[in-house]
Amino acid sequence: MTQQSWDELGGALSSAEFRAASDAIVANIEQVIEGKTASVRLALAVLLAEGHLLIEDVPGVGKTKLAKALARSIDCSVRRIQFTPDLLPSDVTGVSVYNQETHDFEFKPGAVFANLVVGDEINRASPKTQSALLESMEEHQVTVDGVTYELQTPFMVIATQNPIEMEGTYPLPEAQRDRFTARIAMGYPDSNAELAMLDVHGARDPLFALKPVSDANTVRRLIATVRAVHVADPVKQYAVNLVTATRESPELRLGASPRSTLQMLRTARAVAALDGRDYVLPDDLQNLAVSVLAHRVIPTADAQLARRTTDAIIADLVHRLPLPHERQRSPYDNRPSTGDGRAQYDQRRN
């Protein structure tokens with residue numbers, strides 16, 4: 001993946017500035033999405049981790065609304081792609097068109113040339129068209145007719161999809177799924193949230209009145225702040241152990257990739273920053289494991305016959321894997337000491 005330098009991203013924000021900017025984005029999205037704070041915060045965390053988000057659920061629960069609300073909350077370029085069976089890869093990446101006046105080919109950028117790309121119902125397009133996003137999602141660039149075009153920063157793909165049991169859908173290829181940092185399910189709102197939704201959405205759609213509360217430059221500085229979040233060596237080892245457990249599980253025939261380890265750590269940094277911390281806890285990795293890993297792994301035939309979902313398998317692995325209980329105290333950690341210069345990891349033990 002193309003990584004921008006600190007100078008290109010801009011300076012990191014102070015803790016107060018970071019909290020004010022991130023809270024404003026979350027509050028703005030929640031004007032549209034009722035009762036889904038966890039999903040909203042995870043979507044923002046994926047953006048700040050320089051990743052991509054897959055939102056999977058049944059029709060009508062607000063998948064596209066969440067994607068569009070996040071996009072409208074930031075004053076930057078946004079493109080929406082409605083994936084259909086007849087969509088072509090060139091519709092996504094762009095195409096070279098012959099100009100009769102100049103007697104030469106000129107490139108017409110596709111919908112992927114934006115800061116935020118909203119791909120609606122991505123699994124209704126053919127695998128060939130789905131794969132048109134592979135290069136842009138991993139390398140932040142697009143190559144057409146031998147010419148490479150760099151994409152802007154920030155760059156994020158927010159894709160929605162219906163469960164593969166729905167008619168007219170194509171399962172995402174493994175390589176495509178692995179490029180999505182996290183997968184979330186919106187779920188049905190509780191009765192109170194649905195009642196509030198009737199009051200807010202009954203007369204008009206608040207999405208149309210949503211105004212940006214941030215811009216691309218601020219998001220770049222938020223990303224720079226997230227990059228500076230400290231991760232201790234035992235926490236990194238715990239992330240490696242967690243991903244290794246998926247490769248050794250008898251219930252999985254395909255475990256998580258090294259890319260998933262990187263993306264889980266980056267997302268954990270973003271979650272820690274959103275929680276007001278400048279260091280990552282193992283609890284952050286535990287809470288992210290299902291969202292970051294479950295869509296990347298493939299269960300065995302026996303696990304499928306036993307109706308074991310990948311979410312349940314990953315949750316069991318997290319439950320069984322021991323936590324690193326303590327480590328040498330770092331200057332970033334201000335929790336109570338155990339008395340020997342060490343700080344306990346597991347907050348449940350404090």
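Of 200, 229, all but one fail to be more than 19 Å from the chain's Cα centre (by Cα) and either open to solvent by less than 70 Å² (accessible area, probe 1.4 Å) or within 26 Å of residue 110 (Cβ to Cβ) (or both); the exception is 200.
Yes/no matrix, rows are residues, columns are (1) touching a residue at least 60 places away in the same chain (Cβ under 8 Å); (2) within 17 Å of the chain's Cα centre (by Cα):
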residue	(1), (2)
114	no, yes
140	yes, yes
170	no, no
177	yes, yes
180	yes, yes
186	yes, yes
196	yes, no
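Counting the residues of the stretch 38-63 that are within 23 Å of residue 24 (Cβ to Cβ), surrounded by fewer than 20 Cβ atoms within 10 Å (Cβ to Cβ) and modelled with pLDDT under 85 gives 0.
Only one of the listed residues (111, 67) is of a type in the set (A, V, I, L, M, F, W, C) and part of a helix (DSSP H, G or I). That residue is 67.
It is to be established whether one or more residues within the stretch 162-181 are part of a strand (DSSP E or B), closer than 29 Å to residue 35 by Cβ, assigned by TED's automatic domain parsing to the domain that holds residue 75 and in contact with a helix residue (DSSP H, G or I) (Cβ under 6 Å, 6 or more places away or on another chain). Within the stretch 162-181, not a single residue is part of a strand (DSSP E or B), closer than 29 Å to residue 35 by Cβ, assigned by TED's automatic domain parsing to the domain that holds residue 75 and in contact with a helix residue (DSSP H, G or I) (Cβ under 6 Å, 6 or more places away or on another chain). Would you check which residues across the stretch 119-139 are open to solvent by less than 10 Å² (accessible area, probe 1.4 Å) and either outside any strand (DSSP E or B) or not assigned by TED's automatic domain parsing to the domain that holds residue 159 (or both) and list them? 122, 123, 125, 129, 130, 133, 136, 137 - these are the residues of the stretch 119-139 that are open to solvent by less than 10 Å² (accessible area, probe 1.4 Å) and either outside any strand (DSSP E or B) or not assigned by TED's automatic domain parsing to the domain that holds residue 159 (or both).
Counting just the residues of the stretch 89-109 that are of a type in the set (Ser, Thr, Tyr) and modelled with pLDDT under 90, which one comes out farthest from the chain's Cα centre (by Cα)? By that ranking, first place goes to 102.
The residues of the stretch 10-35 that are in a helix (DSSP H, G or I) and touching a Gly at 6+ places or on another chain (Cβ under 8 Å), listed by number, are 15, 19.
A quick yes/no check of all residues on (1) surrounded by fewer than 20 Cβ atoms within 10 Å (Cβ to Cβ); (2) closer than 29 Å to residue 116 by Cα; (3) assigned by TED's automatic domain parsing to the domain that holds residue 152:
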position: 191; (1), (2), (3): yes, no, yes
position: 208; (1), (2), (3): yes, yes, yes
position: 233; (1), (2), (3): yes, no, no
position: 236; (1), (2), (3): yes, no, no
position: 241; (1), (2), (3): yes, no, no
position: 254; (1), (2), (3): yes, no, no
position: 257; (1), (2), (3): yes, yes, no
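Criterion applied to 95, 157 was being open to solvent by less than 40 Å² (accessible area, probe 1.4 Å) and among the β-branched types (Val, Ile, Thr), and the one residue passing it is 157. Restricting the first member to the stretch 257-275 and to residues that are within 18 Å of residue 40 (Cβ to Cβ), and the second to residues that are of a type in the set (Ser, Thr, Tyr) and open to solvent by 60 Å² or more (accessible area, probe 1.4 Å), the beta-carbon pairs closer than 9 Å and six or more apart or on different chains are 273/15.
Among the residues of the stretch 70-89, is there at least one that is among the aliphatic types (A, V, I, L, M) and in a loop (DSSP other than H, G, I, E, B)? Yes, that holds for at least one residue. Selection of first residues in the stretch 303-325 that are assigned by TED's automatic domain parsing to the domain that holds residue 256 and closer than 27 Å to residue 237 by Cβ and of second residues that are assigned to a loop (DSSP other than H, G, I, E, B) and of a type in the set (S, T, N, Q), restricted to Cβ pairs under 7 Å at least 6 apart or on distinct chains, gives the following pairs, ordered by first then second residue: 313/249; 317/249.
The values are calculated or read from the model by the stated rules, or taken from the named source; none is laboratory data. All values derive from a computational prediction rather than experimental measurement. A quick note on method: Cβ atoms are made from the backbone with ideal geometry, for glycine too, and the neighbour counts reach across all protein chains shown. Heavy atoms of the whole protein, side chains included, go into the accessibility calculation; ligands, DNA and RNA do not. Shrake-Rupley method; radii C 1.70, N 1.55, O 1.52, S 1.80 Å.
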